Amino acid sequence: MSPTLTNGQYVLAGALNLPWNQPGRGRIVVLRHPVQNHRIYIKRIVALPDESLSLKGGAAYVNDSMLDEPYLSQLQYPQRDAGREWWMGSEEYFVMGDNRSDSEDSRIFGPVRRELIVGTVWFRYWPLRAWGRVHGGREPGYPN
């Protein structure tokens, strides 16, 4: 999830059973791998149920509109992803890491069912120098 989160940082995540803590676009979530359920990931939601996502020219498009991704340091989709497209089902989300060139995410394992999302990340508490809210957690400015 670099540059937003880096290895060795500890975060707090809120459970999804709370009405104010629902998965939405731009939110960082903790999820189980769709096939290997013992593997836990932290990724960002980029597409919601019943949407399409395509990668073109180094950018992501949701329902044919370019996705604004201010959390990325640059548009960084590897050439191998150019021209790919996915469609989400009624309970599926598309997740990606912020380090797009080095992330195992929905581009590899496909859309993630809602029941595999454990919670949304909202606070970093370790190391102390990085203490504070996490962009894409429960912050305003990220549409649902």
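Listed values, structure above:
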| quantity | calculated |
| --- | --- |
| Residues satisfying the stated conditions in segment 21-75, i.e. of a type in the set (Ser, Thr, Tyr), surrounded by 14 or more Cβ atoms within 10 Å (Cβ to Cβ) and not in a loop (DSSP other than H, G, I, E, B) | 41, 52, 54, 61 |
| Residues located in segment 107-135, provided they are part of a strand (DSSP E or B), farther than 19 Å from residue 7 by Cβ and out of contact with any Lys or Arg (no Cβ under 9 Å at 6 or more places or on another chain) | 113, 119 |
| Residue among 41, 61 that is closer than 16 Å to residue 115 by Cα and of a type in the set (Ser, Thr, Tyr) | 41 |
| Identity of the residue in segment 64-98, hydroxyl-bearing (Ser, Thr, Tyr) and modelled with pLDDT under 80, that ends up farthest from residue 26 (Cα to Cα) | 77 |
| Scan of segment 99-114 for residues that are of a type outside the set (Phe, Trp, Tyr) and either modelled with pLDDT of 90 or more or surrounded by fewer than 15 Cβ atoms within 10 Å (Cβ to Cβ) (or both), ordered by number | 101, 102, 104, 105, 106, 107, 108, 110, 111, 112, 113, 114 |
| Subset of segment 90-115 [within 13 Å of the chain's Cα centre (by Cα) and of a type in the set (A, V, I, L, M)] | 95, 96, 112 |
| Residues (surrounded by fewer than 18 Cβ atoms within 10 Å (Cβ to Cβ), modelled with pLDDT of 70 or more and at negative phi) located in segment 127-144 | 127, 128, 129, 130, 131, 133 |
| Cβ pairs under 6 Å, 6+ apart, first in segment 61-75 and closer than 16 Å to residue 50 by Cβ, second modelled with pLDDT of 80 or more and outside any strand (DSSP E or B) | 62/51; 63/51 |
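The values are calculated or read from the model by the stated rules, or taken from the named source; none is laboratory data. In this text, all values refer to a predicted model and were calculated from it rather than measured experimentally. Cβ sites come from the backbone with ideal geometry, for glycine too, and all protein chains shown count toward neighbours.
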